[in-house]
1. Of the residues that sit in the stretch 98-148 and are β-branched (V, I, T) and not in a loop (DSSP other than H, G, I, E, B), which one is nearest to R160 (Cα to Cα)?
2. Kindly list, by first and then second residue, each pair from a residue in the stretch 172-184 that is within 13 Å of A155 (Cα to Cα) and assigned by TED's automatic domain parsing to the domain that holds V146 to a residue that is modelled with pLDDT under 95 and in a loop (DSSP other than H, G, I, E, B), limited to pairs with Cβ atoms under 7 Å and residues at least 6 apart or on different chains.
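The values are calculated or read from the model by the stated rules, or taken from the named source; none is laboratory data. Please read these numbers as outputs of a predicted model, since none were measured by experiment. Here Cβ is always computed from backbone atoms with ideal geometry, including for glycine, and neighbour counts include all displayed protein chains.
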Amino acid sequence: MSQESTHGQYVPEPEHVSVHTVNTEGSSFTPPGDGGQQQNQPEPAGQPPAVPPPVVPPPVMPPLALPPVAYEQMFPAMMAHYMQHMAQLMPMFQPPPPPQPQPRIVTFKTLKDNGAEEFRGDKMGEPQIALDWLKQMDRVLKNLRVPDADRSELASQMFRKGAYDWWKRIDQDPHTPKPWTWDRFDRAFTKEYVPTRYREERRDEFVALKQEGMSLPELRQRFDYLS
């Protein structure tokens, strides 16, 4: 479009020239990489760096506070439940009971090794032999800690010949009190092998010693010999 001067002459319109320069070597635009992310660009000068928003933690609910009255009412029930739970767990933690000691087996050899002697019952004229055997047998059985219910049976293992025949006869007699105890065995044995006259003589001898004014140790020693 032409313009006319004030003097009536034609003045051509100047051409428009772009002030933008074109970079023929390459553009400053960087395409996204393989990960689809854009490379970090430097922050423009004079501007503060971007600050990420703060992370706000989720709210924490405070524990419910029970009034003192409600707590006192719940405490016995809680303790009862706890004790019941512990009672159920106790069998799981209890050690096994210790093994029971095995009972000692006393045999004929055991009796012999501890001083017991055989008794034949063939010296009826010497009742002191029977009394000595009975006393020794009682001592051996006590040292071995044999129960009273087993003493008579073990003592009978030491019988031989006539004494063994006597034991079978009296043991099988239906009139014999059962079960055997050591006291019953003592009375039956003494009645068979220690005559009544001999026992009376021993008793009279002990009474005479007491009347002689013997000291207590002497009486005890003499009593042990006569018994």
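1. Pass one, the stretch 98-148, residues β-branched (V, I, T): 105-107, 110, 129, 140, 146.
Still in the running and not in a loop (DSSP other than H, G, I, E, B): 110, 129, 140.
On the way: T110: 17, I129: 15, V140: 18 Å.
Per the stated criteria, the residue is I129.
2. Partner pairs satisfying both residue conditions: R184/P177.
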